[in-house]
1. Taking interchain pairs and intrachain pairs at least six residues apart, which have beta carbon atoms under 6 angstrom, with the first residue in region 161-178 and of a type outside the set (A, V, I, L, M, F, W, C) and the second crowded, with 16+ Cβ neighbours inside 10 Å?
2. Would you pick out the residues in region 49-71 that are away from ligand 2 (no atom under 16 Å from the Cβ) and in a loop (DSSP other than H, G, I, E, B)?
3. Can you give me the ranges of the helices (runs of 4 or more DSSP H) entirely in region 84-183 with at least 2 residues that are within 22 Å of A11 (Cα to Cα) and out of contact with any Ser or Thr (no Cβ under 7 Å at 6 or more places or on another chain)?
4. From G54, G22, grab the single residue that is within 15 Å of ligand 1 (Cβ to nearest atom) and buried (at least 18 other Cβ atoms within 10 Å of the Cβ).
5. Evaluate region 30-43: report whether one residue or more is within 16 Å of ligand 1 (Cβ to nearest atom), crowded, with 17+ Cβ neighbours inside 10 Å and either of a type in the set (D, E) or not in a helix (DSSP H, G or I) (or both).
6. Please specify each residue of region 109-126 satisfying the condition of being more than 17 Å from V96 (Cα to Cα) and surrounded by fewer than 22 Cβ atoms within 10 Å (Cβ to Cβ).
7. Considering only region 87-125, how many residues are of a type in the set (A, V, I, L, M, F, W, C), away from ligand 1 (no atom under 13 Å from the Cβ) and under 17 Å from W184 (Cα atoms)?
8. Looking at A6, A71, can you tell me which residue is free of Cβ contacts under 8 Å to residues at least 24 places away in the same chain and of a type in the set (A, V, I, L, M)?
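What follows draws every value from the coordinates through simple rules; no lab data is involved. Since we're looking at a predicted model, the values are computed, not measured. Counting neighbours? That spans all protein chains shown, and the Cβs are built from the backbone with ideal geometry, glycine included.
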Amino acid sequence: MGQSVAEQIAAIRGELESRPEGLVRHVERVLVEALDLAARWDVDPDRVELATWGHDLFRSFPAADQIRLAAEAGVPVSMADEASPVLLHGPIAAAVLRERFAVSDEEALAAVRDHTLGLARMSTIAKVILIADKVERRKRGRVPVFGEIRRAARHDLDLALLAWADWKWVDERQHGWMSHPGHWEARQEWVREHHLDRGLPGRVDEAAWGEDGA
Ligand SMILES: [Fe+2]
Ligand SMILES: [Fe+2]
């Protein structure tokens with residue numbers, strides 16, 4: 001207890017080093033994107049580092065281990081999670097970061113927990129981690145539209161999240177995959193908020209402007 005964020009980051013990085021090299025390289029690429037977004041959106045880079053290094057600590061574990069670790073960590077497992085146990089790696093990591101690595105930054109923990117599916121209401125740090133995770137260099141090489149989402153995130157994090165959710169929706173339908181109910185709930189809220197925003201009256205009453213627009 002009482003560890004500094006720098007000490008927590010060092011301990012988490014040490015644990016991550018025991019994971020497959022490909023996963024470690026992914027996390028390093030995510031960090032590049034996450035720190036860029038953190039600077040643009042005025043988020044503390046140390047908190048972003050903490051969440052980034054921790055977000056995939058259990059990503060490489062086999063399905064049976066995900067189920068077992070979730071039970072050990074007290075993470076609820078839904079039927080959708082049972083059908084796709086890899087989706088548990090975020091919630092498991094958040095629980096372990098809290099218990100074993102003494103992380104008490106609730107927003108960073110929620111960012112780790114929700115980085116795979118999203119949540120209706122997310123902190124800025126959680127939005128940064130989710131988007132950085134999807135648009136890192138290798139992934140946007142595989143999915144070119146992620147480059148567009150990366151650009152959008154520099155101007156509007158919510159728009160970038162919605163664009164990712166739209167891509168995910170199409171991808172899932174094309175593959176014949178189910179949408180996770182947790183993600184679908186979040187997506188519905190993002191869509192609703194987006195249209196609420198679009199439906200607002202203009203800030204300027206255009207009729208009040210002269211014909212020359214002065
Ligand atoms: Fe992940
Ligand atoms: Fe990741």
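1. E172/S179
2. If the condition is that a residue be away from ligand 2 (no atom under 16 Å from the Cβ) and in a loop (DSSP other than H, G, I, E, B), then P62 is the only one that fits.
3. Fully inside region 84-183 and qualifying: 89-99, 106-113, 124-135.
4. Exactly one of G54, G22 is within 15 Å of ligand 1 (Cβ to nearest atom) and buried (at least 18 other Cβ atoms within 10 Å of the Cβ), namely G54.
5. Yes, there is a match, as at least one residue in region 30-43 is within 16 Å of ligand 1 (Cβ to nearest atom), crowded, with 17+ Cβ neighbours inside 10 Å and either of a type in the set (D, E) or not in a helix (DSSP H, G or I) (or both).
6. Within region 109-126, L119, A120, R121, S123, T124 qualify.
7. Here the count works out to 3.
8. A71
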